[in-house]
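Take a look at the structure set out below.
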Amino acid sequence: MLKEFKAFIARGNVVDLAVGVIIGAAFTSIVTSLTKNLINPLIGLFIGKMDLSGLVFTVGSAHFRYGLFIDSIINFLIIALVVFLMVKLINRLMPSTEKQSPAPSASETYLKEIRDLLQNK
């Protein structure tokens, strides 16, 4: 069982996944900082409040912090845009792995037409 576990950990996919998670966590902190320190003050200039996270409305004893929700939406949109651009760039740089089948020869085409004609009778 130990050998199987070692073989599982040594696979490239597991290592790639671990690296992706670590980089993703670091990237998330960068985007959070960008949103909190640059984008929110810019949006705050237009709505008159510098800190969106402080936007709250209260109903009875419940506090709805919609400013934090707006922060989360902005973070998500930035991360989604960057991931989209990265995937688009990787797809452009990586050669296509799809094999294109050669066009059928004339004899194959004629045989298919004959087959189709015989099936219609």
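Coordinate-derived values only; no laboratory data. This one's a predicted model, so the numbers in the text were calculated from it and none came from an experiment. Cβ: placed from backbone, ideal geometry, glycine included. Neighbour counts: every protein chain shown.
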(request) Enumerate the calculated ³J(HN,Hα) couplings along segment 103-108 in order (Karplus 6.51 cos²θ - 1.76 cosθ + 1.60, θ = phi - 60°), each rounded to whole Hz, writing x wherever the residue is Gly or Pro. (result) 5, x, 6, 4, 5, 5
(message) Which one, Ser33, Val14, Gln100, projects farthest toward the positive side of the charge dipole computed for the chain from Cβ point charges (K/R +1, D/E -1)?
(response) Val14
(message) Please list 3J(HN,Hα) in residue order for segment 57-69, calculated via the Karplus relation 6.51 cos²θ - 1.76 cosθ + 1.60 where θ = phi - 60°; whole Hz, with x for glycine and proline.
(response) 10, 10, 10, x, 9, 8, 10, 9, 8, 6, x, 5, 5
(message) Using helices alone, I'd like the mean residue ellipticity at 222 nm for the chain: each DSSP H run of four-plus residues gives -39500 (n - 2.57), total over residue count, nearest 500.
(response) -23000 deg cm²/dmol
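Taking 0.36 nm per residue of separation and subtracting the Cα-Cα distance, what length does fully extending Leu42 through Ser101 add?
Values: separation 59, 0.36 × 59 = 21.24 nm, distance 5.34 nm.
In short, 15.9 nm is gained.
Convert 20 °C to kelvin, take the viscosity as 1.002 mPa s, use the Kirkwood radius over C-alpha pairs of the chain as Rh, and evaluate the Stokes-Einstein diffusion coefficient in µm²/s, rounded to a whole number. If you can, show how the numbers build up before the last one.
Working: Rh = 20.6 Å.
Estimated via Stokes-Einstein, D reaches 104 µm²/s.
Can you give the extra length, in nm with one decimal, that the chain gains between Val87 and Val21 once fully stretched, where that is 0.36 nm per residue apart less the Cα-Cα distance?
Numbers: separation 66, 0.36 × 66 = 23.76 nm, distance 1.62 nm.
Additional length available on full extension: 22.1 nm.
How about segment 41-121: which GluC sites (Glu not before Pro) there are in a DSSP loop, with at most 15 other Cβ atoms within 10 Å of their Cβ? Provide the component values of the computation, followed by the final result.
Details: sites: Glu98, Glu108, Glu113; in loops: Glu98.
Within segment 41-121, the qualifying GluC sites (Glu not before Pro) (loop, at most 15 other Cβ atoms within 10 Å) are Glu98.
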(request) Choose one of Val56, Ile79, Leu89: the residue whose Cα lies farthest towards the positive end of the charge dipole of segment 2-97 (beta-carbon charges +1 Lys, Arg; -1 Asp, Glu; about the Cα centre). (result) Leu89
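For a quick protection proxy, order the peptides 70-80, 84-94 by their average other-Cβ count within 10 Å, most packed first.
Working: 70-80: 15.0, 84-94: 9.1.
Sorting 70-80, 84-94 by mean packing, highest first, produces 70-80, 84-94.
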(request) List every residue whose amide H lies under 5 Å from the amide H of Leu55, counting only residues 5 or more places away in sequence or on a different chain, with H placed 1.01 Å from N in the peptide plane. (result) Gly67, Leu68
